[in-house]
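J.: Quick one: the structure is below, questions incoming.
Rule-based calculations on the coordinates, nothing more; no lab input. Nothing here was measured: the structure is a model prediction, and the numbers come from that model. Note: ideal-geometry Cβ built from the backbone for every residue, glycine included; neighbour counts use all protein chains shown.
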Amino acid sequence: MELTNMKSFIQTGWEREGFGNATPIQTRTIPLIQEGKDVIGESPTGSGKTLAYLLPILDKLDPNIKNAQAIIMASSQELVMQIQQEITKWVNGTELHSAALIGGANIKRQIEKLKKKPQLVVGTPGRVLELINQKKLKMQEIKTVVLDEGDQLLIPEHLDSIGKIVKSTDDARQVLIFSATLPESTLEAAKQLVNNPEVIRIGEEEVDRPEVEHIYFVCEQREKVDMLKRLIHHLEIRGLAFFRSISHLDTFAEKLRYNGVEVGLLHRDIKKQERAQTMKHFRSGNLPLILATDVAARGLDVKGLTHIVQVELPEDALHYAHRAGRVGRLGSESGTVISLVTEEESKILKRFAKNRGIVLKKKKIIKGQVVDAK
């Protein structure tokens with residue numbers, strides 16, 4: 001796939017960012033999007049999905065039309081702001097403008113942004129619908145609708161809002177749905193919104209990643225907090241530690257903080273302001289580790305992650321791959337996935353590794369050094 005048929009600012013941006021060849025999801029979806037087809041794309045975490053839809057949209061936007069021509073929706077405020085940052089980077093120096101619309105933020109300021117007639121809008125469904133109902137966001141010129149992390153948007157709590165937003169646009173609209181996973185329920189819900197879509201699935205084996213090491217430590221359940229503390233102390237960690245249970249996550253955070261280890265928290269009960277502060281401190285290097293649930297970390301793109309720590313194993317091998325995909329992302333250095341498991345859990349971990357073709361190495365810490373367990 002060539003970018004030579006795209007506007008010069010996109011080609012310049014591609015070179016500025018130091019990108020080489022397009023990724024598989026970009027190669028297979030960008031031409032389809034340029035043709036105006038509806039697309040449903042599944043590709044692993046960190047494989048370049050955002051630019052797969054963003055670049056052809058930016059190429060199609062007309063700076064002379066002072067109205068929103070495309071809208072991108074995401075389920076979390078954090079993901080909306082990440083997409084907005086990406087847009088800002090690419091449109092810098094052009095006459096194109098964008099606006100981010102998230103719930104919990106000052107709606108009057110967002111209305112002021114809309115008065116400046118941005119050509120591209122990115123937002124969370126609730127706030128977008130609110131502004132449509134207030135007639136502050138005009139949808140008649142919208143030609144393209146994107147659902148980023150579609151499996152998080154096409155769920156019962158968002159379905160009604162998403163349906164209303166999509167139907168408020170032109171009948172000839174183009175709908176693009178991208179996600180790291182496409183369960184049948186998502187595809188079923190998507191059918192109501194798309195027209196003869198091209199479904200593109202990219203497997204983990206097709207994604208060219210930097211080398212990622214997968215290691216594990218065996219310990220008792222009660223020893224996991226101490227093991228996590230030792231890892232933070234002895235390794236140069238900048239990472240995410242995953243939990244399935246919010247109560248376990250909170251317990252770990254409390255014990256780590258009691259022992260003088262400062263960590264960030266990301267789960268559904270964390271307020272917007274606290275979440276923003278956590279991400280700010282983490283990005284500036286003041287926090288070594290964020291304790292997170294899978295849902296809260298969806299779409300989170302943090303450059304330079306060195307480690308993923310699995311304090312609680314995910315539900316299946318596919319979710320293991322999604323967690324692991326957060327290190328060794330495009331353009332990043334290699335990374336390490338660490339699993340803290342009991343003897344019983346180690347059997348499940350080995351099953352996941354076999355399923356995904358991953359080589360696991362058993363380790364232990366001796367005198368502050370991570371060494372092979374023999």
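J.: Quote the charge dipole size of region 209-372 about the Cα centre in Debye, to the nearest 20; the model charges only the Cβ of Lys and Arg (+1) and of Asp and Glu (-1).
T.: 300
J.: Also, quick follow-up: Going through the cross-link list K280/K362; K108/K255; K164/K280; K7/K66; K37/K280, which pairs have a Cα-Cα distance over 31 Å in this structure?
T.: K280/K362; K108/K255; K164/K280; K37/K280
J.: For V146, what residues show an amide H to amide H distance below 5 Å, using hydrogens built from the backbone and excluding near sequence neighbours?
T.: Here the answer is I71, I72, M73, L176, since their amide H atoms fall under 5 Å of that of V146.
J.: Taking θ as phi - 60°, what are the ³J(HN,Hα) couplings along region 360-374 by the Karplus curve (6.51, -1.76, 1.60), each to the nearest whole Hz, with x for Gly and Pro?
T.: 9, 10, 7, 10, 8, 9, 10, 6, x, 10, 7, 10, 5, 7, 10
J.: Counting Lys and Arg as +1 and Asp and Glu as -1, each charge on the Cβ, what is the dipole of region 8-86 about the Cα centre in debye, to the nearest 20?
T.: Roughly 80 debye, rounded to the nearest 20.
J.: Return one number: the angle in degrees, 0 to 90 and rounded to the nearest 10, between the long axis of the Cα atoms of helix 246-258 and the longest principal axis of the Cα atoms of the chain.
T.: Roughly 60 degrees, rounded to the nearest 10.
J.: Most mobile of F217, F19, F243 per a Gaussian network model of the chain (Cα springs, under 10 Å)?
T.: Greatest mean-square fluctuation among the candidates belongs to F19.
J.: While we're here: Cα-based Rg (one decimal) and Dmax (whole number) for region 209-372, in Å?
T.: Gyration radius and largest Cα-Cα distance of region 209-372: 14.8, 42 Å.
J.: OK, next. What does the C-alpha gyration tensor say about the overall shape of region 153-233? Classify as rounded when a/c is under 1.5, otherwise prolate if a/b is larger than b/c, or oblate.
T.: It is prolate, given that a/c is not under 1.5 and a/b is the larger ratio.
J.: Compare I25, I107, I177 in a GNM of the chain, Cα atoms joined below 10 Å, and give the one with the largest fluctuation.
T.: I107
J.: How long are the semi-axes of the equivalent ellipsoid of region 103-190, taking √(5λ) for every eigenvalue λ of the Cα gyration tensor, in whole Å from largest down?
T.: After scaling each eigenvalue by five and taking roots: 24, 15, 11 Å.
J.: Here's a follow-up. I want to verify a result. In a Gaussian network model of the chain, Cα cutoff 10 Å, which of these has the top mean-square fluctuation: A292, A190, A353?
T.: Highest fluctuation of the listed residues: A353.
J.: Classify region 1-59 as rounded, prolate or oblate from the Cα gyration tensor: take a ≥ b ≥ c as the square roots of its eigenvalues, call it rounded if a/c is under 1.5, otherwise prolate when a/b beats b/c and oblate if not.
T.: Because a/c hits 1.5 or more and a/b fails to exceed b/c, region 1-59 counts as oblate.
J.: Helix 49-60 sits at what angle to the longest principal axis of the chain, using alpha carbons and giving 0 to 90 degrees rounded to 10?
T.: For 49-60 against the chain, the angle is about 20 degrees.
J.: Need one word for the chain: rounded, prolate or oblate. Basis is the Cα gyration tensor (sqrt eigenvalues a ≥ b ≥ c); a/c below 1.5 gives rounded, then a/b vs b/c decides.
T.: prolate
J.: What is the ratio of the Cα radius of gyration of region 8-204 to 2.2 N^0.38 Å, with N the residue count, to two decimals?
T.: Compared with the compact-globule rule of thumb, region 8-204 sits at 0.95.
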